[in-house]
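As structure tokens, the structure follows; a few thoughts come after it.
Bear in mind these aren't lab numbers, they're just calculated from the coordinates by the rules spelled out. Computed from a prediction, not measured in an experiment: that's the story for all the values here. Here the Cβ positions follow ideal geometry from the backbone for every residue, glycine too, while neighbour counts run over all protein chains shown.
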Amino acid sequence: MYPVAADRTIVECDWLFLKHVVESGKDVSRSVELFDRVNRQDFDACERCQPAMSSRLYAKGGVLVPSEHHIGAFHAFVQERLDAGRPQ
């Protein structure tokens with residue numbers, strides 16, 4: 001995930017398979033298609049929530065999905081960048 005603005009993030013997804021899976025010639029397209037579909041649904045949910053993020057209730061951040069560490073890490077990354085740009 002690459003934040004490019006307060007309301008815009010570029011997401012790049014890679015699907016990694018063990019070397020022996022790739023070399024075996026197994027068809028991984030169904031796995032890729034499934035996770036692509038799930039990701040697109042997640043992106044849609046995020047886009048629907050984005051307009052409300054400008055609410056003053058989120059001025060100091062908010063709880064996203066604490067059980068998902070990558071979302072929490074992304075949130076912390078963005079918050080650090082936002083804090084770095086604020087006057088002290």
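So, counting K/R as plus one and D/E as minus one, what does the shell of residues with Cβ under 15 Å around V28 add up to?
So the environment of V28 carries a net charge of -1.
Taking the dipole about the Cα centre of the chain, with the C-beta of Lys and Arg at +1 and of Asp and Glu at -1, give me whichever of F74, P87, Y2 is farthest to the positive side.
Of the listed residues, the answer is P87.
With no solvent and one point per C-alpha, what does the Debye sum give as log10 I(q)/I(0) for the chain at q = 0.10, 0.11, 0.12, 0.18 Å⁻¹?
After summing over all Cα pairs, the log10 values are -0.38, -0.45, -0.52, -0.94.
Scan around T9 for amide H atoms under 5 Å from its own, H built in the peptide plane at 1.01 Å from N, and keep only partners 5 or more places away or cross-chain.
Amide H neighbours of T9, under 5 Å, 5+ apart: V4.
On full extension of the chain, what length is gained from M1 through L18, given 0.36 nm per residue of separation minus the C-alpha to C-alpha distance?
The M1-L18 span can extend by a further 3.8 nm.
Based only on other Cβ atoms within 10 Å, what is the fewest-to-most ordering of L57, L82?
With the fewest neighbours first, L57, L82 line up as L57, L82.
Once you put a point 7 Å from the Cα of R37 and another 7 Å from the Cα of L57, both along the Cβ direction, what distance in nm separates them?
3.3 nm
For Q50 paired with H69, estimate the spin-label separation in nm (one decimal), with each label point 7 Å from Cα along the Cα-to-Cβ line.
Reported label-point gap for Q50 and H69 is 2.8 nm.
If the only charges are +1 at each Lys and Arg Cβ and -1 at each Asp and Glu Cβ, what is the size of the charge dipole of the chain around the Cα centre, to the nearest 20 debye?
Result for the chain is approximately 300 debye, rounded to the nearest 20.
Ignoring everything except DSSP H segments at least 4 long, calculate the 222 nm mean residue ellipticity for the chain; use -39,500 (n - 2.57) per segment, divide by total residues, nearest 500.
When only DSSP H runs of four or more count, the value is -15500 deg cm²/dmol.
Highest GNM mean-square fluctuation, the chain, Cα pairs closer than 10 Å: which of V21, V78, V38?
Highest fluctuation among the options: V21.
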